[in-house]
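The values are calculated or read from the model by the stated rules, or taken from the named source; none is laboratory data. This is a predicted model, so every value here is computed, not measured. Cβ placement follows ideal geometry from the backbone for every residue including glycine, while neighbour counts extend to all protein chains displayed. Ligands, DNA and RNA are excluded from the accessible area calculation, which covers all protein heavy atoms including side chains. Shrake-Rupley method; radii C 1.70, N 1.55, O 1.52, S 1.80 Å.
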Amino acid sequence: MERTFAMIKPDGVRRGLTADILARIQRKGYRLVGLKQMVISRETAENHYAEHKERPFFGELVEFITGGPVVAMALEGENAILGWRGMMGATNPANAAPGSIRADFATTTGENVTHGSDSAESAERELGLFFKAEELLK
Ligand code: RTP
Ligand code: MG
């Protein structure tokens with residue numbers, strides 16, 4: 001069993017895609033062990049995306065991710081980290097597999113609807129950044 005951090009980004013929430021994305025997660029069979037709607041602080045956003053600090057799109061990315069409520073989730077299941085990345089599809093929706101969330105719901109890399117941790121280390125770090133231990137089911 002693996003846990004991963006997943007998020008519906010502000011564009012997804014604003015566009016009313018929350019229920020659809022939650023339905024996909026539940027149909028897939030992941031257990032939602034954490035779930036909350038929140039506005040991300042600038043500090044948390046800069047920390048979350050620290051690996052991109054030197055990239056030209058960093059400022060835009062932080063503005064975007066703090067610009068409206070997100071849905072933060074902790075998903076549990078077998079191979080949940082790679083499995084959720086697969087359900088999201090490639091970062092650039094133009095390259096996302098047909099039927100994936102980004103292929104179905106997004107047109108630009110900048111606003112691509114969802115986030116998922118890319119490794120076990122990222123998952124542990126991001127879950128700790130967004131959730132207190134008592135907010136997660138045992
Ligand atoms: P994420 O971290 O959000 O799950 O996405 P990812 O792993 O598929 O992609 P990553 O390389 O980590 O990039 C993080 C997010 O930054 C935005 N981005 N914009 N304008 C650009 O060229 C560009 N490149 C990346 C996207 O929102 C991407 O999801
Ligand atoms: Mg990433």
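Each principal axis of the chain carries a Cα extent, and these read 38, 34, 26 Å when sorted largest first. Once the gyration tensor of the Cα atoms in the range 57-99 is diagonalised, the equivalent ellipsoid follows with semi-axes of 23, 17, 9 Å, ordered largest first. Each residue of the range 76-92 was assigned a 3J(HN,Hα) from its phi angle through the Karplus expression (A = 6.51, B = -1.76, C = 1.60, θ = phi - 60°), giving 10, x, 5, 6, 4, 5, 6, x, 5, 4, x, 5, 6, x, 4, 3, 8 Hz with x at Gly and Pro. Size descriptors for the range 1-47, from the alpha-carbon set: Rg then Dmax equal 12.2, 34 Å.
What's the carbon and sulfur percent of the range 39-138's accessible surface, probe 1.4 angstrom, rounded to a whole number?
Numbers: 2730 of 5320 Å².
The value for the range 39-138 is 51 percent carbon and sulfur by accessible area.
For the range 2-135, build the charge dipole from Cβ charges (+1 Lys, Arg; -1 Asp, Glu) around the Cα centre, then report which of Gly99, Val70, Val113 sits farthest towards its positive end. Among Gly99, Val70, Val113, the one farthest towards the positive end of the dipole of the range 2-135 is Gly99. Solvent-accessible surface of the range 2-135, averaged per residue with a 1.4 angstrom probe and all protein chains in place: 51 square angstrom.
For Glu43 and Lys138, calculate 0.36 nm times their separation in residues minus their Cα-Cα distance, and state this gained length in nm to one decimal. Kindly include the intermediate steps, with their values, before the conclusion.
Details: separation 95, 0.36 × 95 = 34.20 nm, distance 2.79 nm.
Extending this stretch completely gives an extra 31.4 nm.
Only lysine pairs 8 or more places apart, or on different chains, with alpha-carbon atoms under 22 angstrom apart are counted in the range 2-135, and they number 6. Binning the C-alpha pair distances of the range 61-138 at 10 Å intervals from 0 yields a P(r) profile of 17, 44, 34, 5 %, listed from the shortest bin outward.
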